Every structure is written in C-alpha cells, then in structure tokens.
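Notes for the one structure printed next.
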Amino acid sequence: MRFALVDGTKTDPQPGLRGTCPSCESAMIAKCGRVVAWHWAHKSSRHCDRWWESETDWHREWKARFPRAWREVVHVDDRTGERHFADVKTAANLVVEFQHSPIKPEERRVREAFYKEMIWIVDGTRGLDKSYFFLDSSQEPVVRKPLGYAIRWWSRSRLLHNWYESRVPVFFDFREDTLWRLGQFNPETKIAVVYPVPVELVVEDCMHGRAIRAVYTEQGEAKAISEKNGGSRSDPK
Ligand SMILES: [Zn+2]
C-alpha cells in the first residue's frame, strides 16, 4: 500500500513510521528499503484484501495521475460490509482499477458487481499480447464514429476472451499515449473491434466526472493511425 493512517491522516511511508490500515485497522509498518518503492505493509502476514495486487511501477505511475485523496480508497458494500481498496475512486464515485495480472472472467464479474460504477485499465504488455494486438496495424478503420479498428486475435493468450464480456469499459494499455477500448469480440472468428482513446483524454474525463469520450475527429484519427504504425510491428514468433 502507498498509504496508511497515522493519527487518522492518510500518510506516505517514512523510515520507522507505524500506522494503521484504513480498511482492517490493523498495524502497518513503513517499508523503506533501497530496492522496492517505499510502501506500507501489514505487520502480520495476513493480508486484509485478497483482491489487492502487488504494486508494480505501472500501478504507481497510473495512480500518480490522480489526486492523492482518490487513491487507495476503501470501498464498502453497504449491505454486506465487504471492503476492498479501489485503486482510484473519483469524486464522482467512479472506480478505476488497474489490472496487471490476468484475471478470470468469474473473478472480473465479482469485482464489477462490487464496484458497480467502474472502468478497467488493463496492462497489455504481458507476454506477446502487444505484438499480436498490433499485428494488422496497417488496416483502415472499420467504423469512424467513433473511430474503431478491427483486429484478428491470433494469439493463444486469453486477453480478449477474458475481457470482452465485461459490462463496464475496458481499456488496454500498451504503455503508449493511446489506450485501446475493447468493443465487440467474437471468440469464434476471433475478430474484435477496438477504439483508440488518448490517455490524457481518459484521465481528463475521470477528473471531471464525465463519461469517457471516444475519438471522432480527423485529427484524432491521424494521431491514432500514426501510433498504430509506430513501433509495434515486430513478428511475434
Ligand atoms: Zn488491512
């Protein structure tokens, strides 16, 4: 965790500091070593949130785009009392979850039912996923309002299979300036339609509590195509 409560205040780790977990209220210790980024850990080995994913630099960089008060917010189900840390929860109560590890559809559904208003940002750079995603990147868009491209998913990875049935917006992040929102996917034909959306636009819409826009303009189109053609055409073999 990046934060613990010290005297009731959300606090960054400092050497020697002790705090409590904002969710389970058990003791936390600041881990301030040289190798791993400074963080807080529960004093007992038990972890209070089994949904919590070990943080990567990718998680940290994403969360840093949002106000501190919105990061690692405890989300509670009023009826059951179940509690989990939302990676980011905006002032408009939209939960933004950053998913690095593969997650099974059943697990994804449970989390979507828990958070309700949410979007997923999925790390697309695991294995060869990125190479496969951009394999046919010379194609023209198949729809223009909003701008969308068809891709054929040749990979044996379940990236698209695991996410296409989500009822909330799913964005793949290939660590470029553009995210790709997953539209339709047919697991038989393995053809998907994906929509480019600049990272800055997604962040801006979250910051303002708006629905996340799609890209319509010619200018956006030119940008998206040039990025599709840049750097991602290596043979995945
Ligand atoms: Zn805890």
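The values are calculated or read from the model by the stated rules, or taken from the named source; none is laboratory data. As the structure is a prediction and not an experimental result, all values here were calculated from the model. Here the Cβ is made from the backbone with ideal geometry for all residues, glycine too, and neighbour counts use every protein chain on show. Heavy atoms of the whole protein, side chains included, go into the accessibility calculation; ligands, DNA and RNA do not. Shrake-Rupley method; radii C 1.70, N 1.55, O 1.52, S 1.80 Å.
Numbers for the structure displayed
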| quantity | calculated |
| --- | --- |
| Residue satisfying condition, being assigned to a helix (DSSP H, G or I) and modelled with pLDDT of 95 or more, within set His84, His59 | His59 |
| Check on Tyr216, in a strand (DSSP E or B), assigned by TED's automatic domain parsing to the domain that holds Met118, over 17 Å from the mean Cα position of the chain (by Cα) and touching a residue at least 60 places away in the same chain (Cβ under 8 Å) | no |
| Hits in the range 115-145 - residues which are of a type outside the set (Ser, Thr, Tyr), touching a helix residue (DSSP H, G or I) at 6+ places or on another chain (Cβ under 9 Å) and part of a loop (DSSP other than H, G, I, E, B) | Gly124, Arg126, Gly127, Phe134, Gln139, Glu140, Pro141 |
| Subset tally (residues that are surrounded by 15 or more Cβ atoms within 10 Å (Cβ to Cβ) and of a type in the set (S, T, N, Q)) for the range 92-114 | 1 |
| Number of the exception - His75 against (1) free of Cβ contacts under 8 Å to residues at least 24 places away in the same chain; (2) surrounded by 16 or more Cβ atoms within 10 Å (Cβ to Cβ); (3) in the same structural domain as Glu200 (by TED's automatic domain parsing) | (1) |
| Selected residue (criterion: modelled with the lowest pLDDT) from residues of the range 45-56 that are among the hydroxyl-bearing types (Ser, Thr, Tyr) and open to solvent by 60 Å² or more (accessible area, probe 1.4 Å) | Ser45 |
| Set Thr80, Thr125: member being open to solvent by 40 Å² or more (accessible area, probe 1.4 Å), more than 21 Å from Lys10 (Cα to Cα) and under 14 Å from the mean Cα position of the chain (by Cα) | Thr125 |
| Residues of the range 1-30 satisfying the condition of being touching a His at 6+ places or on another chain (Cβ under 7 Å) and open to solvent by 70 Å² or more (accessible area, probe 1.4 Å) | Arg2 |
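Let's see how each residue does on (1) away from the ligand (no atom under 14 Å from the Cβ); (2) surrounded by 12 or more Cβ atoms within 10 Å (Cβ to Cβ); (3) in the same structural domain as Glu107 (by TED's automatic domain parsing):
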| site | (1), (2), (3) |
| --- | --- |
| Cys32 | yes, yes, no |
| Ala37 | yes, yes, no |
| Glu61 | yes, no, yes |
| Arg68 | yes, yes, yes |
| Asp87 | yes, yes, yes |
| Thr90 | yes, yes, yes |
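Every residue, every condition in (1) in contact with a Pro (Cβ under 7 Å, 6 or more places away or on another chain); (2) part of a strand (DSSP E or B); (3) on the phi > 0 side of the Ramachandran plot, yes or no:
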| site | (1), (2), (3) |
| --- | --- |
| Arg2 | no, no, no |
| Pro13 | no, no, no |
| Gly16 | no, no, yes |
| Gly19 | no, yes, no |
| Met28 | no, yes, no |
| Ala37 | no, no, no |
| Ala41 | no, yes, no |
| Ser44 | no, no, no |
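Per-residue answers, yes or no, for (1) under 20 Å from Trp62 (Cα atoms); (2) in contact with a strand residue (DSSP E or B) (Cβ under 8 Å, 6 or more places away or on another chain):
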{"residue": "Phe114", "(1), (2)": "no, yes"}
{"residue": "Gly124", "(1), (2)": "yes, yes"}
{"residue": "Ser131", "(1), (2)": "no, no"}
{"residue": "Pro141", "(1), (2)": "no, yes"}
{"residue": "Pro146", "(1), (2)": "no, yes"}
{"residue": "Pro169", "(1), (2)": "yes, yes"}
{"residue": "Pro198", "(1), (2)": "yes, yes"}
{"residue": "Gly209", "(1), (2)": "yes, no"}
